[in-house]
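Q: Got a structure here, written out as structure tokens. Questions coming.
The values are calculated or read from the model by the stated rules, or taken from the named source; none is laboratory data. The shown structure was predicted, so the numbers you read here are calculated from the model rather than taken from an experiment. Here the Cβ positions follow ideal geometry from the backbone for every residue, glycine too, while neighbour counts run over all protein chains shown.
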Amino acid sequence: MITREIKGELLESSKEYPVVTILGPRQSGKTTLAGMTFPDYHYYSLEDPDILYRVQSDPRGFFNGLKKGTILDEIQNAPELLSYIQGIVDNMNENGRFILTGSHQLNLHEAITQSLAGRTAILSLLPFSMDEISVYNKEYNAFDLIFRGGFPRVYDKKLNVKRFFGNYIQTYIERDIRRMINLKNLTSFQAFLRILAGRIGQLLNYKSLSNDIGVSETTIKQWISILKASYVVFELPPFYENIKKRVRKSSKIYFSDTGLVSYLLGINTSEQVFRDPLRGNLYENMVIMEIVKYFSNHGISPELFFYRDSNNVEVDLLIKNGRKILPIEIKSSSTFSEKFINSLAKFKKVSERYDTKNGLVLCNIDKVFEFKDSLYMNILNDRAELFRIIKKDFFR
């Protein structure tokens, strides 16, 4: 077991709030994180039917028997308990009293908004970051990481990657989807997952997905909302604050874990990732989610966007904080090209009203170097330097 990067944020949050809620996808390590961080707390899994029955049949009796800190795992199975927790923490002056974990962001967020507003910190735990994976093996290259993804059990238990994701889809994704919606056609949903995986890093087109799968656009929107709520996919919105009024307004879709995407695409080895036509999209997915993980693990909520105008000038990622914007291009190439900064230069020309920082090109090169006010670097080798730059410029 390793120490997760988010542990410091979890400890600090528990000193400031009576309740801390840890959200994230199934198998991201929420239970392990809570147990390792608070080993002396009572622990109750609401996935256990006996415990769930006991808690739901006599919630007052259950809470009256708790005399110290408590971890309630998978709280989405009994959201009615949040009202009781509200009453308990309102009548005592004790921070860190409850640690809650949950996998369904949509349902849990709604319940928290109603019951625990102002009483809980909310953290999101995603699969392993690159630094966390390096504890197990420092020799992985970018395409190994794309193929394996970041789910902890793949590394802790040295699991067969293909078998893990096959089970993950059947055991967690499909089961959770069935819980949240009345899924009548599992075959269509499975086809939807695979087609969506083939469109990572592309503009989200509901009509096209609807036509390809043979279900309504309303159904496609519902399925994507559920995948977002379950932390399976991540939607990157466009940046369009009237910059020349030429921007595209569709979002781009990514998966929270590239190992899952690789499985859905039928990729069986890291060598296949390198040769796959979607290599650039997979690399882009990996880099963007690594940046998302960093912010999440450090309790930072930045504004993240992409930019694409009607002339197809595109910047893969914009990190925005107030009037400051850091534009980032992402390329899977290991070979330097001065063309990589063309879109960065064009974006800077149409964003004069913003404090646009010198651009970054995140690619698969061997060493950091600067070219025409843009810094070329490899997120796998230069992760610490990348986030030092981001933190210095944006989140002092």
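Q: Can you tell me which residue within the range 207-237, out of those that are among the hydroxyl-bearing types (Ser, Thr, Tyr) and modelled with pLDDT of 95 or more, is farthest from residue 307 (Cα to Cα)? Full working, then the answer.
A: We begin by selecting, within the range 207-237, every residue among the hydroxyl-bearing types (Ser, Thr, Tyr); these are 208, 210, 216, 218-219, 225, 230-231.
Adding the requirement that they be modelled with pLDDT of 95 or more leaves 208, 210.
Values: 208: 22, 210: 25 Å.
Selected residue: 210.
Q: Might you let me know whether the range 337-358 holds any residue that is within 21 Å of the chain's Cα centre (by Cα) and part of a loop (DSSP other than H, G, I, E, B)?
A: Quick first cut of the range 337-358, residues within 21 Å of the chain's Cα centre (by Cα) only: none.
Looking for residues that are within 21 Å of the chain's Cα centre (by Cα) and part of a loop (DSSP other than H, G, I, E, B), one finds none in the range 337-358, hence no.
Q: Determine whether residue 266 is farther than 19 Å from residue 203 by Cβ and outside the structural domain of residue 194 (by TED's automatic domain parsing). Please lay out each step first, then the result.
A: Numbers: farther than 19 Å from residue 203 by Cβ: yes; outside the structural domain of residue 194 (by TED's automatic domain parsing): no.
No; evaluated as a whole, the condition is false for this residue.
Q: Just the residues that are assigned to a loop (DSSP other than H, G, I, E, B) and in contact (Cβ under 8 Å) with a residue 12 or more places away in the chain, please, taken from the range 46-85. Walk me through how you get there before you give the answer.
A: Let us first name the residues in the range 46-85 that are assigned to a loop (DSSP other than H, G, I, E, B), namely 46-48, 58, 65-69, 74, 78-80.
Scanning the range 46-85 gives 46, 47, 66, 68, 69, 74, 78, 79, 80.
Q: Residue under question is residue 333, and the condition is that it be modelled with pLDDT of 90 or more and among the polar types (S, T, N, Q); does it hold? Write out each step before concluding.
A: Values: modelled with pLDDT of 90 or more: yes; among the polar types (S, T, N, Q): yes.
Answer is yes for this residue.
Q: Quick one: count up the residues across the range 88-111 that are part of a helix (DSSP H, G or I) and buried (at least 22 other Cβ atoms within 10 Å of the Cβ). Spell out how you get there, then give the answer.
A: Here is the first cut: in the range 88-111, the residues part of a helix (DSSP H, G or I) are 88-90, 105-111.
From what is left, the residues that are buried (at least 22 other Cβ atoms within 10 Å of the Cβ) are 108.
Result for the range 88-111: 1.
Q: For the range 120-135, which positions are closer than 30 Å to residue 81 by Cβ and either among the small types (Gly, Ala, Ser) or surrounded by fewer than 20 Cβ atoms within 10 Å (Cβ to Cβ) (or both)?
A: 121, 122, 124
Q: A follow-up question, please. If the requirement is being among the charged types (D, E, K, R) and at positive phi, which of these qualifies: 158, 162? Let's see the steps before the verdict.
A: Details: 162 fails: at positive phi.
Among 158, 162, only 158 is among the charged types (D, E, K, R) and at positive phi.
Q: With the condition kept exactly as written, say whether any residue in the range 182-193 is buried (at least 19 other Cβ atoms within 10 Å of the Cβ) and assigned to a loop (DSSP other than H, G, I, E, B). Write out each step before concluding.
A: The first filter runs over the range 182-193 and keeps only residues buried (at least 19 other Cβ atoms within 10 Å of the Cβ), leaving 189, 192-193.
Right, trim to assigned to a loop (DSSP other than H, G, I, E, B) and you get none.
No; the residues of the range 182-193 include none that is buried (at least 19 other Cβ atoms within 10 Å of the Cβ) and assigned to a loop (DSSP other than H, G, I, E, B).
Q: What's the number of the condition residue 154 fails, among (1) part of a loop (DSSP other than H, G, I, E, B); (2) in contact with a Phe, Trp or Tyr (Cβ under 7 Å, 6 or more places away or on another chain); (3) assigned by TED's automatic domain parsing to the domain that holds residue 262?
A: (1)
Q: Could I ask something else about it? Can you find a residue in the range 138-147 that is within 17 Å of the chain's Cα centre (by Cα) and assigned to a loop (DSSP other than H, G, I, E, B)?
A: no
Q: Looking only at the range 195-241, how many residues end up being of a type in the set (D, E, K, R), surrounded by 15 or more Cβ atoms within 10 Å (Cβ to Cβ) and not in a loop (DSSP other than H, G, I, E, B)? Explain how you work it out, then say what you get.
A: Here is the first cut: in the range 195-241, the residues of a type in the set (D, E, K, R) are 199, 207, 212, 217, 221, 228, 235, 241.
Among the residues that remain, those that are also surrounded by 15 or more Cβ atoms within 10 Å (Cβ to Cβ) are: 199, 212, 228.
Now restrict to residues that are not in a loop (DSSP other than H, G, I, E, B): 212, 228.
Adding up the residues that qualify gives 2.
Q: Could you list, in sequence order, all residues of the range 17-32 that are in contact with a Gly (Cβ under 9 Å, 6 or more places away or on another chain) and assigned to a helix (DSSP H, G or I)? Can you show your working first?
A: As a first pass, look at the range 17-32 and keep what is in contact with a Gly (Cβ under 9 Å, 6 or more places away or on another chain): 17-24, 28, 30.
Answer for the range 17-32, where residues must be in contact with a Gly (Cβ under 9 Å, 6 or more places away or on another chain) and assigned to a helix (DSSP H, G or I): just 30.
Q: Of the numbered conditions (1) closer than 30 Å to residue 87 by Cβ; (2) at pLDDT below 95, residue 138 satisfies every one except a single condition; which is it?
A: Of the numbered conditions (1) closer than 30 Å to residue 87 by Cβ; (2) at pLDDT below 95, the odd one out for residue 138 is (1).
Q: Next up: Does the range 252-271 hold any residues that are part of a loop (DSSP other than H, G, I, E, B) and either in contact with a strand residue (DSSP E or B) (Cβ under 7 Å, 6 or more places away or on another chain) or of a type in the set (Gly, Ala, Ser) (or both), and which are they?
A: Initial filter on the range 252-271 (part of a loop (DSSP other than H, G, I, E, B)): 256-257, 265-269.
If the condition is that a residue be part of a loop (DSSP other than H, G, I, E, B) and either in contact with a strand residue (DSSP E or B) (Cβ under 7 Å, 6 or more places away or on another chain) or of a type in the set (Gly, Ala, Ser) (or both), then 256, 266 are the ones that fit.
Q: Out of all the residues in the range 384-395, is one or more surrounded by fewer than 15 Cβ atoms within 10 Å (Cβ to Cβ), in contact with a strand residue (DSSP E or B) (Cβ under 8 Å, 6 or more places away or on another chain) and assigned to a strand (DSSP E or B)?
A: Taking every residue of the range 384-395 in turn, none turns out to be surrounded by fewer than 15 Cβ atoms within 10 Å (Cβ to Cβ), in contact with a strand residue (DSSP E or B) (Cβ under 8 Å, 6 or more places away or on another chain) and assigned to a strand (DSSP E or B).
Q: For residues that are in a strand (DSSP E or B) and more than 16 Å from the chain's Cα centre (by Cα), scanning just the range 272-316, find the one that is surrounded by the fewest Cβ atoms within 10 Å (Cβ to Cβ).
A: Looking only at the range 272-316, we keep the residues that are in a strand (DSSP E or B), and these are 303-309, 314-316.
Filter once more, so that each one left must be more than 16 Å from the chain's Cα centre (by Cα): 306-309, 314-316.
Values: 306: 23, 307: 23, 308: 21, 309: 20, 314: 15, 315: 23, 316: 23.
Per the stated criteria, the residue is 314.
Q: Continuing with this model, one more query. Of everything in the range 23-39 that's on the phi < 0 side of the Ramachandran plot and modelled with pLDDT under 95, which residue is nearest to the chain's Cα centre (by Cα)?
A: Taking the range 23-39 as the starting set, the residues that turn out to be on the phi < 0 side of the Ramachandran plot are 23, 25-26, 28, 30-39.
Those still in the list that are modelled with pLDDT under 95 too: 23, 25-26.
On the way: 23: 10, 25: 8, 26: 12 Å.
Among those that are on the phi < 0 side of the Ramachandran plot and modelled with pLDDT under 95, it is 25.
Q: Please verify whether the range 64-80 includes one or more residues that are in the same structural domain as residue 25 (by TED's automatic domain parsing), loosely packed, with under 14 Cβ neighbours inside 10 Å and more than 20 Å from residue 20 (Cβ to Cβ). Spell out the reasoning first.
A: Filtering the range 64-80 down to residues in the same structural domain as residue 25 (by TED's automatic domain parsing) leaves 64-80.
From what's left, loosely packed, with under 14 Cβ neighbours inside 10 Å: 64-65, 67-68, 80.
After this cut, where a residue has to be more than 20 Å from residue 20 (Cβ to Cβ) as well, the list is 64-65.
Taking every residue of the range 64-80 in turn, at least one turns out to be in the same structural domain as residue 25 (by TED's automatic domain parsing), loosely packed, with under 14 Cβ neighbours inside 10 Å and more than 20 Å from residue 20 (Cβ to Cβ).
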